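Reading through the structure tokens given below for one structure.
The values are calculated or read from the model by the stated rules, or taken from the named source; none is laboratory data. As the structure is a computational prediction, the values presented were derived from the model and not from experiment. Cβ: placed from backbone, ideal geometry, glycine included. Neighbour counts: every protein chain shown. Surface areas here come from the heavy atoms of the whole protein model, side chains and all, with no ligands, DNA or RNA. Shrake-Rupley method; radii C 1.70, N 1.55, O 1.52, S 1.80 Å.
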Amino acid sequence: GLAGGIGVGIATWLFARELLPPPHRWLAALAVWPVSASVALVHWSTAGLETSVFVAFEVAALASFAAGRMGWSVAFLLLGTATRLDGVLLAGVLLGFHLAPRWRQAGGAAWRPALVYVAVLAASFVLRFACYESLLPNTWHAKVGGVPLGYGFAYVSSFLEAGAFW
């Protein structure tokens, strides 16, 4: 968890660095301050769960995407999705943004990152089903099975109250 929290800080710095013009890239270090002051990040970095590692992979995917390094971006998206299945959401967005302006290019090179992501993800589902006879990890069943919908609203509300809203 602590390594994941540190990874979030490093990935945030790299992402901010890619978004700034070269003469102002030194300001990217300032982006780490509000992230490291986040009550939610501090909590989940010390809670012993996968949350901070997942966030580190997702922000690293954003940083790689902003740098134009699609291979690294796909690798981080796959690691994020392997950590938590909701990583597929960011993958869909980033791969969609990559593919949208290029989808008609000859040779299909524009499709390669999406095809690699889908192929590796499909292989992991096939292996998971072969081993466990379920497409979803057992942690998903433990977290979602039988939980009332109202708990989700309370969870989001507490997240926003902890400072994420601001």
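Put a plus charge on the Cβ of each Lys and Arg, a minus charge on the Cβ of each Asp and Glu, and nothing anywhere else: the dipole of the chain about its Cα centre is then about 500 debye. Rolling a 1.4 Å probe over the protein heavy atoms of the chain, with every protein chain left in place, gives an accessible area that is 72 percent carbon and sulfur. Between the labelled values [x] 15.8, 48; [y] 21.4, 68; [z] 17.8, 54, the entry that holds Rg and Dmax of the Cα atoms in Å as derived from this structure is [z]. Estimated from helical segments only, the mean residue ellipticity of the chain at 222 nm is -22000 deg cm²/dmol, where each DSSP H run of four or more residues counts as -39500 (n - 2.57). How much net charge surrounds TRP26 when only the other residues with a Cβ under 15 Å from the Cβ of TRP26 are counted, with Lys and Arg +1 and Asp and Glu -1? Counting the neighbours of TRP26, the net charge comes to +1. In order along the range 13-29, the Karplus-derived 3J(HN,Hα) couplings, from 6.51 cos²θ - 1.76 cosθ + 1.60 at θ = phi - 60°, round to 4, 5, 5, 4, 4, 5, 7, 8, x, x, x, 10, 5, 5, 6, 4, 4 Hz, and Gly and Pro are given as x. All other residues whose Cβ lies under 14 angstrom from that of LEU14 are scored, Lys and Arg at +1 and Asp and Glu at -1, for a net of +1.
For the chain, the solvent-accessible area with a 1.4 angstrom probe is 65 square angstrom per residue.
Once both labels are positioned 7 Å from their Cα atoms along Cα-to-Cβ, the gap between ALA3 and TYR155 label points is 2.6 nm.
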